[in-house]
Each structure stands twice: as structure tokens, then as C-alpha cells.
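J.: I have a structure I would like to understand better, so I am pasting it below and will then ask my questions one at a time.
The values are calculated or read from the model by the stated rules, or taken from the named source; none is laboratory data. The model shown is predicted, which means the values in this text are computed figures rather than measured ones. Here Cβ is always computed from backbone atoms with ideal geometry, including for glycine, and neighbour counts include all displayed protein chains. SASA here: full protein model, heavy atoms, side chains in, ligands and nucleic acids out. Shrake-Rupley method; radii C 1.70, N 1.55, O 1.52, S 1.80 Å.
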Amino acid sequence: MSQKTLTESGRESAVEAPADASAKRWWILAVVALAQLMVVLDATIVNIALPSAQADLGFSDGNRQWIVTAYALAFASLLLLGGRIADLFGRKTAFLVGVVGFAAVSALGGAATNFEMLVTARALQGAFGALLAPAALSLLNTTFTDARERARAFSVYGAIAGAGGAVGLLLGGVLTDALDWRWTLYVNVAIAVVAFAGGWLLLHNHRDAANSKLDVPGTVLVAAGLFSLVYGFSNAETHDWDSPATWGFLIAGGLLLAAFAWWQTRAAHPLLPLRILLDRNRAASFLAVLISGGGMFGVFLFLTYYLQLNLGFSPTKTGLAFLPMVAALMVGAQLSTTMLVPRIGPKVVIPAGFAVAAVGMAWLTGIGVGSSYMSHVLPQLIVTGFGLGLVMPPAMQLATGGVAAEDAGVASATVNAMQQVGGSIGTALLNTLAASAATDYLAGKDPTNKLVQARATIESYTTAFWWSAGLFAVGALIAFLLFRRGVPEQDADAAPVVHM
């Protein structure tokens with residue numbers, strides 16, 4: 001049994017009977033979450049396998065970073081295009097093409113016989129991920145319109161987006177230890193088969209922006225701008241900040257993005273309608289995702305180094321060490337999206353989450369050469385994970401909630417772009433600061449002494465943790481100042497119609 005409901009544009013849309021629709025919605029959530037997990041995993045799953053891949057294919061230390069950077073560059077620069085394609089040509093089409101393409105190039109990467117083949121596969125993974133990720137999030141946004149169900153759905157999605165990096169470290173370690181580094185890429189094929197089957201059976205190809213056209217100049221400007229920005233910060237890891245390869249690309253990226261913003265006020269069919277950014281809560285949510293993405297890498301990246309190089313953890317044991325953080329993040333996600341934000345609003349919850357995460361990171365600076373995981377890492381990880389669970393899921397929900405159906409894809413793409421660009425900027429900044437701290441510590445000391453070397457690495461890690469804590473503290477202040485008081489309207493009222 002179904003009933004007809006008018007969308008905002010006046011078209012009729014069938015809404016299934018509550019029992020059937022509810023069951024179908026949760027299956028859609030499972031499919032979307034699985035696809036999102038595949039995309040998020042690949043931001044970190046290859047990291048732990050890099051030493052094995054390097055030994056197998058024989059590429060240099062200088063080239064090693066491009067296995068990670070190629071994915072980030074393609075993903076970040078093409079996200080807005082991917083989101084608009086989902087709006088124009090249908091979310092089911094974009095989702096299925098993204099899943100198939102991601103699986104195919106993952107298999108290509110797994111079969112790589114040289115560095116060039118692997119880095120090309122990683123770049124193509126980023127491109128198909130840029131199509132898949134916004135389609136998945138916009139499907140979630142337009143499928144769950146009941147306030148309570150939507151909150152629960154976003155708690156799951158946000159937990160996956162926040163904890164997927166840690167899960168990637170675990171899975172990457174297990175696959176590398178038990179099988180081979182190539183399985184960190186082959187595993188996507190198995191995930192994609194399930195996601196494709198579910199998407200084919202459950203989704204309908206609704207096109208909310210079918211009458212619009214693709215903004216080609218805007219696409220070129222934003223893709224080039226985001227590419228230059230991420231590339232410039234990535235170069236900061238291997239070049240000085242005064243190198244033209246760093247500041248030149250950063251300036252170019254800023255100018256291109258400024259030109260993109262100007263063009264969006266002139267374009268007949270803008271790629272990123274400025275009405276999406278003008279809502280105060282949505283703009284604050286985009287910034288919250290950007291900051292949390294940047295600070296989170298301080299946990300994953302440097303703590304991975306500390307656990308493996310200083311405490312002697314294996315790749316698998318390192319991944320397992322992050323699981324308590326994942327559990328705490330999921331608890332925070334459920335609490336924030338289903339109970340706290342619907343009752344007291346984001347102005348209290350999200351700044352409090354940032355503050356808790358800042359405390360956890362500051363506490364983590366107490367690690368030393370002879371510290372133990374149970375006393376100096378585990379409690380701090382739990383606190384940080386819980387804090388991020390109060391930030392990321394509700395911020396993602398608010399960033400995509402309340403947008404017009406025809407803008408759902410590009411709004412979702414903007415969320416993903418913020419997280420990816422934040423992660424890239426955070427990685428470059430923290431790496432540079434950590435390296436400078438180690439160099440300063442070694443000044444005037446014997447660099448060949450193993451204890452001095454160990455203390456220098458600890459100094460670099462704790463410096464990164466302090467800066468991450470500071471970044472989260474800034475996030476708390478910005479969130480408190482920008483978010484409006486009270487409960488957001490989209491949490492109190494259901495959105496107009498279900499599209500499945």
C-alpha cells in the first residue's frame with residue numbers, strides 16, 4: 001500500500017506504508033554504511049601496508065607518501081563534482097557506478113607490478129570515491145525524514161565516518177600480517193559486491209536536479225582550487241614552508257577557490273549554490289567537520305608511530321589498540337544524535353565534544369619512552385573518542401539536514417570535502433611541527449644515542465598531540481560562537497518526503 005505525496009518541486013512521489021518503508025530504510029542504511037566504510041577505510045588501510053608494498057615493488061621513501069596523497073588529491077578535488085553528478089543523473093546511478101569503479105581500480109591496485117601502477121590505481125580510487133561518498137550521504141539524507149529515525153541513522157553513519165580510519169588501521173594490520181599487503185586493496189572487491197547487490201535491489205534512481213545543468217567553469221575552478229590546496233599542504237611534509245612548491249600551490253588554491261565563490265554568484269546553475277552555505281548552523285557544521293578531520297589525524301598518525309616504533313606493537317596489535325576509541329566514539333555518536341542535540345541543541349553539545357576531545361589529546365601528551373598502553377594510552381583514547389562522537393555525527397547531520405532535495409548531493413559532497421581537506425591540512429601541519437620539535441630536541445645532543453633518539457621521537461609525538469588539543473579547543477570556541485541556540489528545526493520536524 002502506498003500514498004502520493006508532493007515534493008517541493010511539485011512532483012508526485014510514492015511513499016510506502018510505514019512498516020514496509022521502515023524496514024527498507026534500515027536495509028538502505030546498511031548498504032550506504034557499508035559503501036561509506038569502504039571509502040573511509042581506504043584513507044588509512046593502506047598506511048600500515050606501505051612498508052610491505054615498498055619492499056615488494058621497490059619504490060623509494062620519497063615516493064611512498066604519494067600512495068596516500070594520490071588518493072587524497074583525487075578525492076578532495078572531485079567531491080563537489082561527484083555530488084552534483086548524483087543530483088543531476090540520479091543517486092542510484094552515481095552510487096552503483098561509484099561502487100563498481102571503486103572495486104575495479106582496487107583490484108588494479110592489488111595487482112600492481114610497479115609504483116606507477118599502484119599510484120594510478122590509488123588516484124582512480126579517490127576519483128570513484130568522490131562519486132560514491134556524496135551519493136551515499138545524500139541517499140541517507142533523503143531516505144530518513146522522520147526526526148528520530150534520522151538521528152539514529154546519522155549516529156551510525158557518523159560513527160563510521162569518524163571511526164573508519166581506526167578500523168582501517170586494524171583491518172590493514174590483520175590483512176598484511178595474515179595474507180599480503182595486496183589484500184588491503186582486494187578486500188574492497190568483496191565489500192563492493194555486497195554494496196552493489198543491496199543498492200541494485202533497494203534504491204530507486206530519483207533525480208531532484210534533473211532540469212539543471214552542470215556548472216563546467218565552477219567545476220574546473222573548485223577542482224583546481226582544492227587540488228592546489230591539498231597538494232600544497234602535502235608538499236609541506238617534504239619541502240620547507242618557504243618552498244614555491246608549498247606556498248605557490250597554497251596561494252593558487254586560495255585564489256582559485258575565491259574565483260569559484262565569485263563565479264557561484266553569477267552562474268545560472270551553480271555547482272555549490274550559496275544558499276547551502278548561508279544557513280548559520282550548516283556553516284558551523286562544515287567548520288566542525290573540517291576541524292575534527294584535521295585534529296583526528298594527530299591521534300591516528302602519530303599514535304600509530306608510537307605504538308609500533310616505541311612500544312613494539314605489530315600492525316594487528318596496533319589496530320586492536322584503537323578499538324576502544326572506536327567503541328567510545330560510537331557511544332558518543334548515539335548519545336549526541338538521538339538524545340542530546342534533539343533536546344538541547346548543538347550549541348552546547350558540539351563545543352562540549354570538542355572540549356572533551358581536547359582534554360583527551362592533552363592527557364595523551366603524558367606518554368614517555370617507558371610508558372604502558374593500559375595507563376598512558378587507553379584512557380586517553382577513550383576520552384578523545386567519546387568527544388569526537390559528540391562532534392562528528394551531529395555536525396554531519398546538521399550539515400546535510402534541511403537542504404532542498406535537489407541540493408542534497410552537493411551538500412553531502414561539501415561535508416566529505418571538509419573532512420578530507422581537514423585531514424590533509426592536519427597531516428601536513430602536524431608532520432611539520434612534529435619534525436621541527438624533534439630537530440630542536442636533538443640540538444646540542446648526541447644524535448647517535450638511542451635513548452636520545454627515542455626521546456626526540458616522543459617530543460615530536462607530544463608536540464603533535466598538543467597542537468591537536470589546541471585545534472580542538474579552537475573548534476570548541478568556533479562552534480560555541482557560530483551555532484544558534486535551541487533545537488534545530490530539522491530535528492523537530494520531519495522533512496517533506498521519502499525518496500527510495
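J.: Solvent-accessible area per residue for segment 249-331 at a 1.4 Å probe radius, Å²?
T.: 41
J.: Another one. Which pairs in the list K317/K445; K92/K213; K317/K450 are over 27 Å apart, alpha-carbon to alpha-carbon?
T.: Listed pairs above 27 Å: K317/K445.
J.: Same structure again: In whole Hz and in residue order, list the ³J(HN,Hα) couplings for segment 269-282 that follow from phi through the Karplus curve 6.51 cos²θ - 1.76 cosθ + 1.60, θ = phi - 60°; x for Gly and Pro.
T.: Going residue by residue, I get 10, x, 5, 10, x, 5, 4, 5, 8, 7, 5, 5, 5, 5 Hz, with x marking Gly and Pro.
J.: For V348, what accessible area in Å² do you get when you roll a 1.4 Å probe over the heavy atoms of the protein chains, rounding to the nearest 10?
T.: V348 exposes around 90 Å² with every protein chain in place.
J.: Between W247 and L278, 0.36 nm times their residue separation minus their Cα-Cα distance comes to what? Spell out each step's value before the answer.
T.: On the way: separation 31, 0.36 × 31 = 11.16 nm, distance 2.96 nm.
Between W247 and L278, full extension yields an extra 8.2 nm.
J.: Just to make sure I understand: if all protein chains stay in place, what is the order of I425, I344 by accessible area at 1.4 Å, largest first?
T.: Values: I425 40, I344 85 Å².
Of I425, I344, the descending order of accessible area is I344, I425.
J.: Using 7 Å Cα-to-Cβ label points, what is the D240/W262 separation (nm, one decimal)?
T.: 3.3
J.: Sort R343, R280 from largest to smallest accessible area, using a 1.4 Å probe on the heavy atoms of the protein chains.
T.: Values: R343 175, R280 110 Å².
Largest to smallest exposure gives the sequence R343, R280.
J.: Please report the carbon-and-sulfur percent of the accessible area for segment 244-388; probe 1.4 Å, protein heavy atoms only, DNA, RNA and ligands left out. It would help to have the intermediate numbers written out before the result.
T.: Values: 4240 of 5670 Å².
With neighbouring chains kept in place, the figure for segment 244-388 is 75 percent.
J.: Using the Kirkwood radius built from alpha carbon pairs, what does the Stokes-Einstein equation give as D for segment 221-352 at 4 °C and 1.567 mPa s, in µm² per second?
T.: 70
J.: Further question on the same structure: Ordering V99, V220, V167 from largest to smallest accessible area (1.4 angstrom probe), what's the sequence?
T.: Per-residue accessible area, sorted high to low, gives V220, V167, V99.
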